[in-house]
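Heads up: the structure comes next, in structure tokens.
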Amino acid sequence: MEFRIRLAAESDVPAITAIYNQAIALQSATADTVALNIKTLFAILLDINADSFRILEKFGFRQWGHMPNVADFDGRECGHLYYGLRVAP
């Protein structure tokens, strides 16, 4: 299962809807980990995308790492955040 959460502008209702839908999918994926024998979930996202990491934190993910200023979008530098959740002992 693949999750991609894009940066949502305040007026970007389709993006906000997509983020909400992905949060629901994330909840479902987290519940299915035992059946799929998955022990760890992780996500890589842009550090400028606060909505995305808030969703992950809501579902128990914690920040495992940060690579500052490794991405450039039309002259705007940002970093990657690495979030993880251990779902098996």
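A short reminder: the numbers here are calculations on the coordinates, not readings from a lab. If you're wondering where the values come from, they're calculated on a predicted model, not measured in any experiment. Positions of Cβ are generated from backbone atoms using ideal geometry, with glycine treated the same way; all protein chains shown enter the neighbour counts.
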Checklist entry - Looking at the range 39-72, which trypsin sites (Lys or Arg not before Pro) are in a loop (DSSP not H, G, I, E or B) and have at most 14 other Cβ atoms within 10 Å? => result LYS39
Checklist outcome for this item: A chain fully extended from GLU57 to ILE38 at 0.36 nm per residue, minus the present Cα-Cα distance, gains in nm 4.9 nm
